[in-house]
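Any read-out appearing in this document is the output of simple, stated calculations on the displayed coordinates, not a laboratory observation. Remember, predicted model here, so these are calculated numbers, not experimental data. Methodologically, a virtual Cβ is constructed for each residue, glycine included, from the backbone with ideal geometry; neighbour enumeration extends over all protein chains shown.
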Amino acid sequence: MGSFTGKEEMSVTIYLDAVWLLNFFLDMMLLMLTQTLAKDSTRKLRIIFGAFIASLVVPISIYYPDSIFTSLIGKLMYSIIIVLCSFRVRSIYQMLKLLLLFYFTTFAIGGGLIAIHFLFQSPFRLAANGILTFNSGYGDPVSWLFVVIGFPLVWYFTKSRMDKHVSEKIRYDQLCQVTIQIDQITKSTTAYIDSGNQLTDPISKRPVIICDEYFLKQWFSEDEWELLKSAHTSLDFEKLPAGWESKVQIVPFQGVEGNRTFMMAIKPDNISFVYNEEEIVTRKVLIGIQFAVLTKDQSYHCLMHPKIIKLADPVSA
């Protein structure tokens, strides 16, 4: 067991082997998170080696406090060495990407740990070059719980937020405002351009977009909507609300599990939406009725068919 005593305002004993081991695990988890965010396929053994190289900053900072690696340029150089040791770098672009992700995860995790530190007043001692010392011995159980529990929690939160941000970015890049006119009544809502929606009416060959009941109920009274649901359940067109017989039809389709079923669809007067700064208007489409909401957060109420973009006529640039 190595130890080191330094004097500032008071004498503090550092148990080097304990602090070194602690920093090794911290660095390994930071590199694992970097690997996850970069979607890199580097072997775990190399990540472990990189964590070992990164943890060497502890004895360097303690025994050589005035070395170049404690300066700003030295820390940048050391970070590059860590990345080169941890990942298979094939280009300068990849190097910069991994380096920036490594710094991002370090700051994100470090900020979270500092927040937990101040929340619970953990007995860590923060030195100028990082988390280097415990107040006493190997650290009491609270100190180790700070790392063993606090670090994975911050790690998981950071990763989950990044994953969610990516998925939301993809989703919101495909959102657009759609306006639908049925029976001379016009309403607008948010639509999602769903590349997986390939539903087409086999008879008319018209693409089918899907709207949920939250949006479509604006064209019906409560009694009319209940009649529509009843007609859908029994496939009995005699139960359709008055005036809707010529506007509603049945579209057969195959479900995810391969079973064949039917969807009730409405013929609109026309629909319009903006895509790539062009307003697109068409009436060669059917509106499939979803007797439920499409999303729990109600971020959109319509699933657009990608084929509409090719078939519809652009109105303005």
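Within the range 269-302, whose backbone N sits under 20 Å from a point 7 Å along Cα→Cβ of E222?
Once the point is set 7 Å along Cα→Cβ of E222, 291-293 turn out to lie under 20 Å by backbone N, inside the range 269-302.
What are the ³J(HN,Hα) couplings of the range 182-188, residue after residue, when phi is run through the Karplus curve with 6.51, -1.76, 1.60 and θ = phi - 60°? Round to Hz, x for glycine and proline.
So the J values, rounded to whole Hz, are 9, 6, 6, 10, 10, 9, 10.
To the nearest 20 debye, what is the magnitude of the charge dipole of the range 187-249 about its Cα centre, counting +1 on the Cβ of each Lys and Arg and -1 on the Cβ of each Asp and Glu?
For this selection, approximately 320 debye.
Set the bar at 18 Å for Cα to Cα. Now go through K187/K217; K247/K284; K217/K284; K205/K267 and name every pair that lies beyond it.
Checking Cα-Cα distances, K217/K284 exceed 18 Å.
With a cut-off of 8 Å between alpha carbons and a minimum separation of six or more residues, what is the relative contact order of the range 167-251 in percent?
Across the range 167-251, relative contact order equals 16 percent.
Just check the range 174-251 against the gyration tensor rule for me: Cα atoms, a ≥ b ≥ c as the square roots of the eigenvalues, rounded for a/c under 1.5, and otherwise prolate or oblate depending on whether a/b exceeds b/c.
oblate
Would you please classify the overall shape of the range 28-115 from the alpha carbon gyration tensor, given that a ≥ b ≥ c denote the square roots of the eigenvalues, rounded means a/c under 1.5, and beyond that prolate means a/b larger than b/c while oblate covers the rest?
Here the range 28-115 falls in the prolate category.
Expressed in nm to one decimal, what extension gain is obtained for the pair F291 and K39 from 0.36 nm per residue of sequence separation less their Cα-Cα distance?
So the extension gain works out to 86.8 nm.
Say the cut-off is 25 Å between C-alpha atoms; which of K75/K97; K239/K296; K229/K307 go over it?
Table pairs above 25 Å Cα-Cα are K239/K296; K229/K307.
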